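Trainee: Below you'll find the structure I mean.
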């Protein structure tokens, strides 16, 4: 199973993904700059990603606490917290990019 991660320069890389892992953990495990200061507790917003619009319908709806955190972190309509996305076989091929907000936090 794979996640397709689009880099800041527009190049796309396929990351091996593990069912049951948080998308945040998968991205970090591959060495990409996601801080995730809260460790996945939906309390910091430093793992924000932008999910390709064609994948939005396959994701569960964000909970209120995720929406609140996204509102505090300059999110757009495609933004999600990668710590709140659990990878399942239905998400094989998921396409996303690390948000500029998260990249700025990591710099």
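The values are calculated or read from the model by the stated rules, or taken from the named source; none is laboratory data. What you see is a predicted model; the values in this text were computed from it and never measured. We place every Cβ from the backbone using ideal geometry, glycine too, and count neighbours over all the protein chains shown.
Trainee: Name every residue in the stretch 1-32 that is at pLDDT below 90 and under 23 Å from residue 68 (Cα atoms), in order of residue number.
Mentor: None; the set is empty.
Trainee: Do any residues in the stretch 6-22 that are under 15 Å from residue 82 (Cα atoms) have Cβ atoms under 9 Å from those of residues that are loosely packed, with under 10 Cβ neighbours inside 10 Å and at pLDDT 95 or above, where the two are at least six apart or on different chains, and which pairs are they?
Mentor: 19/89
Trainee: Please verify whether residue 62 is at pLDDT below 90 and touching a strand residue (DSSP E or B) at 6+ places or on another chain (Cβ under 8 Å), treating the condition exactly as stated.
Mentor: no
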